[in-house]
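*Asks:* Would you mind keeping the following structure in view while I ask a few things?
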Amino acid sequence: MKRRKFLKNASLTGVAITVGNSLVACKEEGSSVVVTTAKNAVRPLVIATWNTPNAVEAAAAVLSKGGTALDAVEQGCRIEEANEKGQSVGKGGLPDRDGNVTLDACIMNDKGNYGAVVCVQNIMHVISVARKVMEETPHVLLAGKGAEQFAVSQGFQREDLLTEASKKAWEKWKVKSEYKPIINIENHDTIGMLAIDKDGNISGACTTSGLAYKMAGRVGDSPIIGSGLFIDNEIGGATATGLGEEVLKTVGSFLIVELMRQGKTPQQACEEAIGRIVNKPNRNYKNFQVGYIAVNKQGEYGAYSIHEWFSYNLYKDKENKNYKSDFYNKA
Ligand code: SD4
C-alpha cells in the first residue's frame, strides 16, 4: 500500500481532514503523521462478528468476482441463516419464551439506504427480505405478520425454523424458566458483516434470532439502524453483537461511525462505544456481553468487546482468518 507521509503536525494528529473532495484519515506513526487516502485503501475487505469463516468466505467470493459490497454481505449472512447449528441466527435459532423462533435483520448500502424486518416467523433468509424492503417498498422497516406476508409475496418459502436441538434446549429451559441474558461466549453467533468492494464502496448487514427465551415481541439492536448496524460510505461502518438493549440505549453503531468522522480510528471508536456502556452508573456489565466491529473508508478496522472471547473473521489480502478481539473487563 502506498502511503504519503507528512511531517508531524500536532493540530492534525488523530483528526479527519479533507483533501479536495475526498476524506482522508490521519494517524501518528513514529514521528510523522500518515495520511491514507480512500484511493489506496485496503480492498476488497470483509469483516464479520464471531467465528464465521464460511460466511466471510461466501462474501469474499462475491467480491473477488468483482461483485458489490451489498451482494457480498447479503450472501455472507445467508450462510449463517441456513446454518442450523448457529443458535442465534436463522434456522435453528433459539425461540422466545413461547417457543416461537422470531428473526430480525437489516441491511444498509453505500447510498445510505436501509431495509429491515423485525420479529419475523417462518422465513429463513430474513436478510434477503430486508434487502427487498429496501429495494422494493417505499418503507424501511416491516414487522411481524406484515413482513412475513411481504416475504411470501416476494417468493420466499414459509418453513418451520425450530429445529429439534433448539426445541429441546427450550424445553429444558422451561423447567426453571429463568431469564438471564447470557454473558457470552459460545452461544452468540448473531452475524453482523461489513464489506468494502473493489470500488471502495461499503455496505453492511446484520441478522439474528435475538436473545434466547426473550419475551414474545421483543426486538433487539440488530435490525435497528444506528444500533446494530450503520454505514456511511464517506466514513465507514460498524455493527454490533451482544445484549441488544445496551446497544440500543447507546445507539452504538451510529456512535462509532460518528466518532470515526471526528477522526478516531475504528479501534478507538469501538473502545469509546464500549466505554459509553460500561461507564454508565448502575450498569452491571459483568453480566452481559457487547461486541463491536468497525471499518473505515481506508480499510482500517477495529473490534472491541466488554468481555473476553468475542472474535471476528476478517478477509483481507486474500486471507480469511478468525481473530480474538481486545476487551474491556480484564479484572
Ligand atoms: C440481540 N444483539 O437481539 C442481538 C443478540 C446477539 O449474539 O447479538 N446475539 O440483542
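None of the figures in this text is laboratory data; all of them are computed from the coordinates on show. Bear in mind that the values here come from a model prediction, so they are computed numbers and not experimental data. Please note: Cβ atoms are built from the backbone with ideal geometry, for glycine as well, and neighbour counts cover all protein chains shown.
*Asks:* Using only the Cα atoms of the range 253-331, build the gyration tensor, take square roots of its eigenvalues as a ≥ b ≥ c, and label the shape rounded, prolate or oblate: rounded if a/c is under 1.5, else prolate if a/b is larger than b/c, else oblate.
*Replies:* Working: a/c = 3.01, a/b = 1.34, b/c = 2.24.
Judged from the Cα gyration tensor, the range 253-331 comes out oblate (a/c at least 1.5, b/c at or above a/b).
*Asks:* Another question about this same structure. HN-Hα J couplings of the range 113-125 from phi, Karplus 6.51/-1.76/1.60, θ = phi - 60°, integer Hz, Gly and Pro as x?
*Replies:* Each residue's phi maps through the Karplus curve to give 8, 9, x, 8, 10, 10, 6, 9, 9, 6, 10, 6, 8 Hz.
*Asks:* Round to the nearest 10 and give me the degree value, 0 to 90, for the angle of helix 266-278's Cα axis relative to the longest principal axis of the chain.
*Replies:* So the helix axis and the longest Cα principal axis differ by about 50 degrees.
*Asks:* Tell me the label-point distance for the pair V175, K280, using the 7 Å Cα-to-Cβ offset, in nm and rounded to one decimal.
*Replies:* 3.4 nm
*Asks:* I need the phi-derived Karplus couplings for the range 317-331: 6.51 cos²θ - 1.76 cosθ + 1.60, θ = phi - 60°, integer Hz, Gly and Pro marked x.
*Replies:* 6, 6, 10, 10, 9, 9, 10, 7, 7, 5, 8, 7, 7, 9, 5
*Asks:* Sorted by average packing, counted as other Cβ atoms within 10 angstrom per residue and highest first, what order do 199-206, 310-317, 149-156, 172-179 take?
*Replies:* Values: 199-206: 25.5, 310-317: 21.0, 149-156: 15.2, 172-179: 9.6.
Descending packing order for the listed peptides: 199-206, 310-317, 149-156, 172-179.
*Asks:* Got a sec to turn the phi values of the range 138-148 into Karplus ³J(HN,Hα) couplings, 6.51 cos²θ - 1.76 cosθ + 1.60 with θ = phi - 60°, whole Hz, x for Gly and Pro?
*Replies:* 3J(HN,Hα) across the range 138-148, in whole Hz: x, 10, 10, 8, 10, 10, x, 4, x, 5, 5.
*Asks:* Test of understanding: ordering D189, D232, D326 by Cβ neighbours within 10 Å, fewest first, what list do you get?
*Replies:* Details: D189 23, D232 19, D326 16.
Lowest count first: D326, D232, D189.
*Asks:* Which of rounded, prolate or oblate describes the range 41-327 when judged by the alpha-carbon gyration tensor and an a/c cut-off of 1.5?
*Replies:* Numbers: a/c = 1.58, a/b = 1.17, b/c = 1.34.
It comes out oblate by the Cα gyration axes.
*Asks:* Further, regarding this structure: Answer rounded, prolate or oblate for the range 60-149, using the Cα gyration tensor with square roots of eigenvalues a ≥ b ≥ c: rounded when a/c is under 1.5, else prolate when a/b is larger than b/c, else oblate.
*Replies:* Details: a/c = 2.92, a/b = 1.30, b/c = 2.25.
Here the range 60-149 falls in the oblate category.
*Asks:* Using the count of nearby Cβ atoms within 10 Å as a rough guide to exposure, how do C106, C270 rank from fewest to most? Please list the in-between numbers first.
*Replies:* Details: C106 33, C270 29.
Lowest to highest Cβ neighbour count: C270, C106.
*Asks:* Could you put R131, R97 in order, starting from the residue whose Cβ has the fewest other Cβ atoms within 10 Å? Walk me through the intermediate numbers first.
*Replies:* Numbers: R131 26, R97 16.
Arranged by neighbour count, lowest to highest, R131, R97 become R97, R131.
*Asks:* Still on this structure, I have one more. Can you tell me, using C-alpha contacts under 8 Å and at least 6 residues apart, the relative contact order of the range 77-174 as a whole percent? Walk me through the intermediate numbers first.
*Replies:* Working: 186 pairs, mean separation 28.5, N = 98.
It comes to 29 percent, rounded to a whole number.
*Asks:* Answer with one residue from V133, T250, A82: the one whose Cα lies farthest towards the positive end of the charge dipole of the chain, charges on Cβ with Lys, Arg +1 and Asp, Glu -1.
*Replies:* Farthest towards the positive pole: T250.
*Asks:* With an 8 Å Cα cut-off and a minimum separation of 6 or more residues, compute the relative contact order for the chain in percent.
*Replies:* Working: 910 pairs, mean separation 67.9, N = 331.
21 percent.
*Asks:* If you don't mind, another one. Can you give the angle from 0 to 90° between the axis of helix 69-82 and the longest principal axis of the chain, with both taken from C-alpha atoms, to the nearest 10?
*Replies:* Compared with the principal axis, the helix lies near 30 degrees.
*Asks:* Multiplying the sequence separation of V42 and Q149 by 0.36 nm and subtracting their Cα-Cα distance, what value in nm do you get? Don't jump to the answer; show the numbers that get you there.
*Replies:* On the way: separation 107, 0.36 × 107 = 38.52 nm, distance 4.07 nm.
Result for the pair: 34.4 nm of gain on full extension.
*Asks:* Per the helix-only calculation at 222 nm, which mean residue ellipticity applies to the chain, given -39500 (n - 2.57) for every DSSP H run of n ≥ 4 and division by its residues, nearest 500 deg cm²/dmol? Walk me through the numbers on the way to the answer.
*Replies:* Details: 8 runs with 90 residues, N = 331.
For the chain, the value works out to -8500 deg cm²/dmol.
*Asks:* Still on this structure: Which angle between 0 and 90 degrees, to the nearest 10, do you get for helix 164-176 versus the longest principal axis of the chain when only C-alpha atoms count?
*Replies:* 80 degrees
*Asks:* Further question: How large is the charge dipole for the range 41-327, taken about the Cα centre, if only the Cβ atoms of Lys, Arg (+1) and Asp, Glu (-1) carry charge, to the nearest 20 debye?
*Replies:* Working: 32 positive and 35 negative charges, 108 e Å.
Dipole magnitude for the range 41-327 comes out near 520 debye.
*Asks:* Amide H neighbours of I123 under 5 Å, at least 5 residues apart or on other chains, H built in the peptide plane: list them.
*Replies:* Under 5 Å from the amide H of I123: E159.
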